[in-house]
Amino acid sequence: TTKKQQIQQMQKEISQLDSLISANKPILDVNKISEIENSILITSKTLDLLSTALIESSSKNKSLEMLKNQESANVSRVFKMEFCPTCLQDVPEFHRHNIFNAKEAEIKKIEKEIEVIAKELTRISNEQVKQKEFLRSLESERAALHLQKAREENLKNYHEKRAELLKSKESIEKDFSMIESHINSLKEHALEYTKFENIYKLKKEDLRKII
């Protein structure tokens with residue numbers, strides 16, 4: 001009975017493992033994780049480059065804003081200037097206008113550079129958002145692939161456990177079959193013994209009657 005119960009329990013475990021194996025069929029592309037890791041590395045480096053570019057452009061933009069403010073202040077000083085600081089002579093009106101026009105041209109040039117940099121800063125910021133979203137999707141995909149890899153490692157363990165159970169089950173079934181055969185043989189011999197014992201008793205009784 002104990003061996004029968006062992007066999008039944010093993011068969012139950014084998015059936016459970018069959019269900020797990022069926023539900024976790026291997027679908028993982030072994031090269032996919034490596035590809036994802038490489039894409040994550042490239043995207044991370046791209047983000048580093050974008051961060052550096054953003055810092056450099058922001059610094060350049062700040063410098064141009066300071067230069068613009070400085071030039072604007074110079075224009076204001078020129079209009080307030082009555083005497084040349086070098087020769088101490090009166091500064092003609094037309095000379096002030098010439099300086100003003102030159103400074104205004106310089107300021108407009110700076111403003112155009114600031115406009116170009118502003119567009120570049122917007123482009124870099126947008127690209128950063130795009131690359132960060134892409135990186136998050138890659139990391140999410142990597143996590144899913146690692147989970148699938150763990151499941152497939154479990155699947156390997158399921159197959160190994162199933163093979164061990166089958167081997168043990170076959171061994172116990174063989175032992176059980178031998179024991180059952182031996183019991184049947186003993187029963188047959190016991191039956192034969194009983195048959196001969198009955199014949200002996202009858203013969204003995206017949207002999208007693210004759211005597």
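Any read-out appearing in this document is the output of simple, stated calculations on the displayed coordinates, not a laboratory observation. Quick caveat, the model's predicted, so the values are computed rather than measured.
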Next on the checklist: Can you work out the Karplus-derived ³J(HN,Hα) for every residue in the range 52-67? Use 6.51 cos²θ - 1.76 cosθ + 1.60 with θ = phi - 60°, whole Hz, and x for glycine or proline.
Outcome noted: 5, 5, 5, 5, 5, 5, 5, 5, 5, 4, 5, 5, 5, 5, 5, 5
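Between residue 111 and residue 62, what length comes free when the chain is fully extended (0.36 nm per residue of separation minus the Cα-Cα distance, one decimal in nm)? Present the calculation step by step, with values, prior to reporting the outcome.
Numbers: separation 49, 0.36 × 49 = 17.64 nm, distance 1.19 nm.
Residue separation times 0.36 nm, minus the Cα-Cα distance, leaves 16.4 nm.
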Next on the checklist: Explain nothing, just compute: Karplus ³J(HN,Hα) = 6.51 cos²θ - 1.76 cosθ + 1.60, θ = phi - 60°, for every residue of the range 123-133 in order, whole Hz, x for Gly and Pro.
Outcome noted: 4, 5, 4, 5, 5, 4, 4, 4, 5, 5, 5
